[in-house]
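The values are calculated or read from the model by the stated rules, or taken from the named source; none is laboratory data. On a predicted model such as this, the values are computed, not experimentally measured, just so you know. Glycine also receives a Cβ, built like all others from the backbone with ideal geometry; neighbour counts cover every protein chain displayed.
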Amino acid sequence: MPLPDHASVVRRDACHALAHERFDVLVIGGGITGCGVAREAALRGLRVALIERDDFAAGTSSRSSRLIHGGVRYLEHGHLHLVFEASRERRLQLHSLAPHLVRPLAFTWPVYRGARVPRWKLRAGLALYDALALFRNVGRHASLSVAELRDAEPELAPDALLGGFRYWDAGTDDTRLTLSAALAAREAGAVLLNHADVTAGVHEGTQLVGVLVRERELDVTFAVRAALVINCTGPWSDATAALTGLPLTQGVRGAVGAHIAVPRQRVGNRDAITLDSPVDGRVMFVLPAGPHAIIGTTERPASSGPDTVRASGAEVDYLLRSVNGRFPWAALTRDDVIAAWAGIRPLANARAGTGRDTGQASREHVVERAANGLVNVTGGKLTTWRAMAADIVDRATGTRASSALQSRSRDEPLPGGDIISLEHTVHDALVRTHDQAVAERLARAYGSRWQNVWSYAQREPALRERVSSDLPYIGAEFAHAIDREYARTFADLLVRRTHLAFATRDHGVSAAARVAPLVAARLGWSDAETARQLAHYRDDVARLFTIDEP
C-alpha cells in the first residue's frame, strides 16, 4: 500500500517539473475545456502543463445536466452546425472514447394542447435531428400515440395530452468525464496541478511567456514558462486574462442554469423526459439519476461571480411548478428537494448578442489571441469538448494535426474506456464485489480500471464498506482518489470524485465525518487540520447548495 504521504510526494514532483521545465503549452483551467485541450496537445507530442485553481471540474463542468446530447433545443435557433458536431461527438463518446461514462438515454417528449412547440413542428425537428446524426444515433425517433405515451410514462398528466415522441441522446457523469480527460492528458505526458493559483503573468517585453503559480498546500510560489499560454477558465476567463496584464474586459457573458434533485419515486418518470414547461414554454428535462430525478435547467443572465452563484428560491419554485404541471400526482414541494445547485455557462460575448435572452445565444466556442500572446477560449459545451480541444490547439499552434493524430484524438479511449461492453464489465465486478449496486458504480465510473479501485478493498477489507448505506460509494474509491486522482479535500471526494453531496440531504457532511480518519491518514493531517478541513467542507456545501432567497 502507498505511504500515507504518497500523493503529496507526487504533488511535490509535479511542482518541481513545473518550476524547472519549459513547456510548449500551458493550460490554465481544469474544467472540461482545459482538460480536453491538455489531452489533445499532449497526444500531439507537445510538452503540456495544466494549472487549476480549485479542482478538476470544480466550476461549470460539475454543475451540468449530465448529458452528452446533440442539442435538440438548438434546432429552434438554427444552430445546425453545432447540432451536427455534437451528434458526431456523442457517437464517438458512446462507442470509442468513453463507453463506460457515456450511456444511451431514451427521452420521452409529451405534447399537450397549446404547447409552444406544436406536434408537427416537433416531428419535423426530430426528423432533422436524426438526419444531422447521419441516422447513426442509438435509435431513430418514433411517434407515440396518447395510449403509447401513457403506457410508457403513466404518471404524466392525461388532460389535453395529444401524444408525443421518443428519441435518443446520452447521459454521463460530468465530473468523472472531466477527470478522465485530465488523467488521459497525464498519461500522454502532461504535468497537472490542481489547488494552485495563477497570481500573475511572466513577460519577456510585451509577450506573455508564462505565469506565476502559488501552490497553496505546500505554500510555494514559482514560475511556469511556456511558448503558448491558453486561458480555459470559463466564467473566470476575463479575470484570468487580467492577471496576465491585459485590461479587464467583458469577453464572457455568463448564463446561470439551476437544477434540483428530488426523489425519483415522487415524480414517477421511467425514462428521461423532455418537457415544455407549462409555466412559460421553456424546454427542460427530468432526468433519471439513480434514486433521484434531476430537474433542470433554468436560464438567466449572471448577476454575480462564478464563486458565489447558487440556485435561487424563484428558480427552485419554477422547476417544481413546471414538473408538477406535467406530473400532478408528484405534488412536489421545497421539502422534497434533496439538493439545488447552479452553474454559469460561459457564453462568448461575440456570440451572445446584446439582449437579455441568453437562451438564444450560440454555445459554440470562440478562440482569440490577445495582444500579449494569451490565447483566450470562451463558450462551448460539455458534449463537444473533444472537437473544441482539437480546434483550440489547431488555432493556438497555427498547425493542423495530421490524419494519424486526428484519428488518435477521436479513437483513443479515455482511461477505462477500453471495455468489451458495460454489461460484461458489470458482471466481472459483481463476481468480485457481490454487490450489484457497487459493481455497477465501479464499472460505470472506472470502466476497465475498476479493479484498480477494488485492489484497495482487497488489501484493506474495511474499504469495502459503503460510505453511505443507501448509496454505492465504498471507502476504496476515496483511497484511490487521493492516491491516483489528485483529490486533496473533502469537496474533491464528495462533490466531484463521487456525487454523494448531490444525493444526500446534508450534502455529505455526515459522510465526511465518517471518512475523515481514512482521508486524514492518507494525507497526513493532524487532528486540528482534520477539524479545519471538515469545517471548510461545511462552508463549501453551504456555498454550493444553499438556496438564495431575495
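Looking at GLY139, GLY163, GLY201, GLY210, can you tell me which residue is under 30 Å from GLY290 (Cβ atoms) and surrounded by 15 or more Cβ atoms within 10 Å (Cβ to Cβ)? Let's see the steps before the verdict.
On the way: GLY139 fails: surrounded by 15 or more Cβ atoms within 10 Å (Cβ to Cβ); GLY201 fails: under 30 Å from GLY290 (Cβ atoms); GLY210 fails: under 30 Å from GLY290 (Cβ atoms).
Checking each option against the conditions leaves just GLY163.
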For the list (1) surrounded by fewer than 18 Cβ atoms within 10 Å (Cβ to Cβ); (2) modelled with pLDDT of 90 or more; (3) small (Gly, Ala, Ser), I need the number of the one condition that ALA339 fails. (1)
Selection from region 239-287 of residues without any contact (Cβ under 8 Å) to a residue 60 or more places away in the chain, surrounded by fewer than 22 Cβ atoms within 10 Å (Cβ to Cβ) and not in a loop (DSSP other than H, G, I, E, B) yields ALA239, ALA242, LEU243, ARG264, GLN265
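Just to check your reading of the model, which residue among ARG532, ARG441 is under 28 Å from ILE260 (Cβ atoms), basic (Lys, Arg) and outside the structural domain of ALA342 (by TED's automatic domain parsing)? Lay out the reasoning, then the answer.
Numbers: ARG532 fails: under 28 Å from ILE260 (Cβ atoms).
After applying the criteria, what remains is ARG441.
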Residue check for ALA181: buried (at least 23 other Cβ atoms within 10 Å of the Cβ), in contact with a helix residue (DSSP H, G or I) (Cβ under 8 Å, 6 or more places away or on another chain) and either under 23 Å from ASP13 (Cα atoms) or among the aliphatic types (A, V, I, L, M) (or both): yes
Tally up the residues in region 81-128 that are in contact (Cβ under 8 Å) with a residue 60 or more places away in the chain, among the hydroxyl-bearing types (Ser, Thr, Tyr) and not assigned by TED's automatic domain parsing to the domain that holds LEU162, please. 1
If I filter region 484-496 for residues that are of a type outside the set (Ser, Thr, Tyr), crowded, with 23+ Cβ neighbours inside 10 Å and more than 19 Å from the chain's Cα centre (by Cα), do I get at least one hit? no
Have a look at ARG66, ARG116 and point out the one that is basic (Lys, Arg) and either closer than 30 Å to ARG214 by Cα or surrounded by fewer than 20 Cβ atoms within 10 Å (Cβ to Cβ) (or both). ARG116
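Among HIS100, HIS95, which is closer than 28 Å to LEU442 by Cα and surrounded by fewer than 16 Cβ atoms within 10 Å (Cβ to Cβ)? If you could, list the steps in order and put the result at the bottom.
On the way: HIS100 fails: surrounded by fewer than 16 Cβ atoms within 10 Å (Cβ to Cβ).
Just one listed residue meets the conditions, HIS95.
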Could you list all residues from region 391-428 that are free of Cβ contacts under 8 Å to residues at least 60 places away in the same chain and charged (D, E, K, R)? ASP391, ASP394, ARG395, ARG400, ASP418, GLU423, ASP428
If you scan region 73-92, which residues turn out to be buried (at least 23 other Cβ atoms within 10 Å of the Cβ) and in contact with a strand residue (DSSP E or B) (Cβ under 7 Å, 6 or more places away or on another chain)? ARG90
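Return the only residue of VAL262, VAL267, VAL252, VAL283 being closer than 30 Å to ARG166 by Cβ and in contact with a Ser or Thr (Cβ under 8 Å, 6 or more places away or on another chain).
On the way: VAL262 fails: in contact with a Ser or Thr (Cβ under 8 Å, 6 or more places away or on another chain); VAL267 fails: in contact with a Ser or Thr (Cβ under 8 Å, 6 or more places away or on another chain); VAL252 fails: closer than 30 Å to ARG166 by Cβ.
Answer to the selection: VAL283.
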Is there a residue in region 102-124 that is assigned to a loop (DSSP other than H, G, I, E, B) and touching a helix residue (DSSP H, G or I) at 6+ places or on another chain (Cβ under 6 Å)? no
State whether one or more residues within region 404-415 are in contact with a helix residue (DSSP H, G or I) (Cβ under 6 Å, 6 or more places away or on another chain) and either under 16 Å from GLY31 (Cβ atoms) or of a type in the set (Phe, Trp, Tyr) (or both). yes
Do we have any residue at all in region 303-320 that's at positive phi, outside the structural domain of PRO472 (by TED's automatic domain parsing), surrounded by fewer than 22 Cβ atoms within 10 Å (Cβ to Cβ) and at pLDDT 90 or above? no
Scan of region 129-144 for residues that are farther than 16 Å from ARG166 by Cβ and either touching a residue at least 24 places away in the same chain (Cβ under 8 Å) or in a loop (DSSP other than H, G, I, E, B) (or both), ordered by number: LEU132, LEU134, ARG136
Among the helices (runs of 4 or more DSSP H) confined wholly to region 429-511, which include 3 or more residues that are more than 22 Å from ALA58 (Cβ to Cβ) and modelled with pLDDT of 95 or more? 436-446, 450-459
First in region 39-53 and under 13 Å from THR397 (Cα atoms) and in contact (Cβ under 8 Å) with a residue 24 or more places away in the chain, second anywhere and of a type in the set (S, T, N, Q) and crowded, with 24+ Cβ neighbours inside 10 Å, Cβ under 9 Å, 6 or more apart: none
